[in-house]
Amino acid sequence: MSEPPRDAPGGREPVPMVGPLEGIAGSPGIVVAVALVLEQGKGSVPRRTILSSEKEAELGRFRDAVEEAQFQIGEVHGRVADALPEEHLKILEAYQSMLGDPNLAQAVHDEVVVKGRNAEWAVEVALQGILRQFDALDDPYLRERRHDVEFVGERLMRALVTAQPVVVPPKAGFPTPRPIRRATPPLGVIVQAPTVVVARDLSPADTAAMVRDPIVGFVTEVGTRTSHTSIMARALEIPAVVGVTGIRGHVRTGDLIVVDGLRGQVWVRPSPDVIARARARGERFASRTQVLRSRHREPATLSCGTRISLLANVELPAEAILALEHGAEGIGLYRTEFLYIDRKELPTEDEQYELFRNIVQLAAPRPVTLRTFDLGNDKLATKVPVPDEANPALGTRAVRLALREPELFSVQLRAMARAAAHGDVRVMIPMVSNLEEIRAVRKLLDRALADLVAQGKPHRKPALGVMIEVPSAAICADLFAREADFFSLGTNDLVQYALAADRGSHELARLASSFDPSILRLIRMTAKAATDADIPVSVCGAMASDPLAAVLLVGMGVRSLSMEAAAIVEIKEALRRFSLEECEGLAAECRALATAAEVEMALAESVAPRLSDLLGGEDLTIPPPFVRA
Ligand code: PEP
Ligand code: MG
C-alpha cells in the first residue's frame, strides 16, 4: 500500500484533500469522523501520545488487561486440566507468570510515563523489546519460545481491545444477547473517538464485532450493496461506502474522513467547505429520517388502500427490538447462521430455543421467520466443517451443508419447533435448488417433531417455506409451490446466481443489477406460481429496501417485503404514493424492456420524481443510476 505524502520537507504543509472517491452506497447516512485504517488479516495498533493527566488511567488499563488475560488463561487451564498432560499445563502456568513479569510491567510503565504513549502502543513496544532479546539467543530451543511471548502478547492486546462496551443494548425484559462480538476482536484495535473503519474488506463476523460505540462508519475497497458488510452496516444503521478502489492508498489512521453512504462517496482530509456541506446534509438526512420514524405506527398501504406487509430482516437477536420499534409487522428473515459464527462451541438446542422463544414472544402475535443456518461460502463457523472447494459460493452452503450434517441441523430444527409453541413461527430453508432438498428437510423436521413428542417437550409444527434465490428454484416455482408452505425471494443471491456475477464484486456491480430483465422474469414467475398455488410470497433481499424496486415488486404481485429495520419507514412512505394500478402499469412497462439500464431509466422517469425527497431531496439526491445492485 503506498502511503500518501505527509509532511513536506522542512515544514508541515497540510496534506491536500482527496475526493470525492467514488464507491457504492452500502448503507445510508453521512458522517464526518476520524479514520482507522486496518491492515488486512492483522490488527493494527493505534498509537496515541497521551496527556500527563491520562497516564494513570492508561497504566490502570494495562493492569486490568493483565488481570483479564491471566483470568482467561486460568479459565482455559481449569477446563483442560483433566485432559492435558502435566507439561502442557505448565506452559499455561508459565504464560500466566509471563503476564505478571515485573520486567514487562516496568517496560510498559516507562513507555507510558516517560514517553507518554497509550497502553496499546506501550505494550507493543515492550513486547518487541522482549522478542528482540529472544531473537538474540543462541539456544534454538529458547529462540523457539518467542512464540509463547507472541501468544501472551496477543492475549494481552485482546484484553485491552475487548474492554470496550457493546452498543446494541438489551432492553428491559429482553434477554442479554450472547456476547458474540466480544469474543473475538477481529480488528485488534481499540478506538476511543468516533471512528470510520477503513479496510480492504470486512467479513460478516468482523462487521458484527464492530457494534462498538465509537465506530460510526465503514469504508471498504471491495463489496457491493448486497455484500454482507453492507447488509450488516444497514442493520446497525451505520453509514457505509463499499467498493472504493484504492482507498487505503489515500488515507491514514487519524485523517479526517467524510463518508457519504447516500451517494457512495468518500472525502479524505476534507476542506472546511466539504465538512460544512457534509454536516448539513447529514443533519437534513437525520431530520428527514426522524420525521418518517415518527409515523412508524401508520400501516403500510398503497394510495388505493391495498395493504402491503413490511417486515424486518434481523442478523443479531437484539435487533428484533429495534425492528419492532421501526414498525415492522414481524420478522421476515432471521439469519440464524450468526449464532454459529465466531463461537468456540456450537449453540445448543436449549440455547437456540431460548433465543428464538424470546424473539417470538417479543414479536407476538406477529410472525417470525427463522431461516435455518446459511453457513458456508463467506459465512464460516469454526465448529461446522465445510469441505475445501474451489468455488465456495457454488459449493456446500446453506441447505446443502445442513443435509450433510443432519444431526447438527436437527438440533436447530428442534429448537425452532419448540419456539413455535410460543407464537407464529415459520421455518425457511436457504438456497434450495431442487425439490428433493425440501423433501429431505421436511423429513428431518418430522423426525425432530417426533423426537420432541418422545421427549415430552412442548412444541408446534411450524410452516416450512423456501427461499427462492437460485434460478432453478424460480424456474420450478410451480413445482415447489406444491410442497412449500411459502416462498421468500432472496434477490441478493438470485441476482448473483442468475447473472453468474459474484455478489461481493464491485467490478461486476453494474452487471449484477436487480433490474436485469432476467431477474424481473424470475421474480414474476415466482410470484405467479405462489399466487396460483395460494401460498404467500415475499421478498427479503436488498431489493425490498429500495424505494423504486419496492414499487416495482408490488406491481409484480408481491405483497410482503422484508428489509433492514431502518428502511421500513421509508418504504412505507414510498408505497403510500402509488396505487396498485400504477404499480402494475409500471411493472408491465418494465417487463417489456430489454436491458437493466432501460428499466432503471423507466423508473427514473416515472417513479423517482415522486420520491425525490425520499431519494434524498434536492441536495441529498442519489445520482443516476438511482439504484445499484
Ligand atoms: C438473499 O440472498 O437475498 C438473502 C436475503 O439472503 P442472504 O443475503 O443472507 O444471502
Ligand atoms: Mg441468500
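The values are calculated or read from the model by the stated rules, or taken from the named source; none is laboratory data. Bear in mind the structure is a predicted one, so any value in this text is a computation, not a measurement. Cβ atoms come from the backbone with ideal geometry, glycine included; neighbour counts cover every protein chain shown.
The requirement of being out of contact with any Ser or Thr (no Cβ under 6 Å at 6 or more places or on another chain), within 27 Å of residue 197 (Cα to Cα) and modelled with pLDDT of 85 or more is satisfied by residue 122. Just for the stretch 314-333: of the residues that are part of a strand (DSSP E or B) and modelled with pLDDT of 95 or more, which one is nearest to ligand 1 (Cβ to nearest atom)? So the residue we want is 333. (1) in a helix (DSSP H, G or I); (2) of a type in the set (Lys, Arg); (3) under 22 Å from the mean Cα position of the chain (by Cα): which one isn't true of residue 263, the others all being true? Evaluating residue 263 over (1) in a helix (DSSP H, G or I); (2) of a type in the set (Lys, Arg); (3) under 22 Å from the mean Cα position of the chain (by Cα) leaves (1) as the failure.
Scanning the stretch 334-347 for residues that are part of a helix (DSSP H, G or I) and among the hydrophobic types (A, V, I, L, M, F, W, C) turns up 338, 339. Residues in the stretch 501-511 that are surrounded by 19 or more Cβ atoms within 10 Å (Cβ to Cβ) and more than 12 Å from ligand 1 (Cβ to nearest atom): 501, 506, 509.
What residue, of 562, 579, 606, is of a type in the set (S, T, N, Q) and either touching a strand residue (DSSP E or B) at 6+ places or on another chain (Cβ under 9 Å) or assigned by TED's automatic domain parsing to the domain that holds residue 285 (or both)? Being of a type in the set (S, T, N, Q) and either touching a strand residue (DSSP E or B) at 6+ places or on another chain (Cβ under 9 Å) or assigned by TED's automatic domain parsing to the domain that holds residue 285 (or both) holds for just one of 562, 579, 606, which is 562.
Part of a helix (DSSP H, G or I), within 14 Å of ligand 1 (Cβ to nearest atom) and among the hydroxyl-bearing types (Ser, Thr, Tyr) - does that describe any residue in the stretch 483-500? Looking for residues that are part of a helix (DSSP H, G or I), within 14 Å of ligand 1 (Cβ to nearest atom) and among the hydroxyl-bearing types (Ser, Thr, Tyr), one finds at least one in the stretch 483-500, hence yes. When every residue of the stretch 581-591 is checked against the conditions, none turns out to be surrounded by 20 or more Cβ atoms within 10 Å (Cβ to Cβ), at pLDDT below 90 and more than 26 Å from the chain's Cα centre (by Cα).
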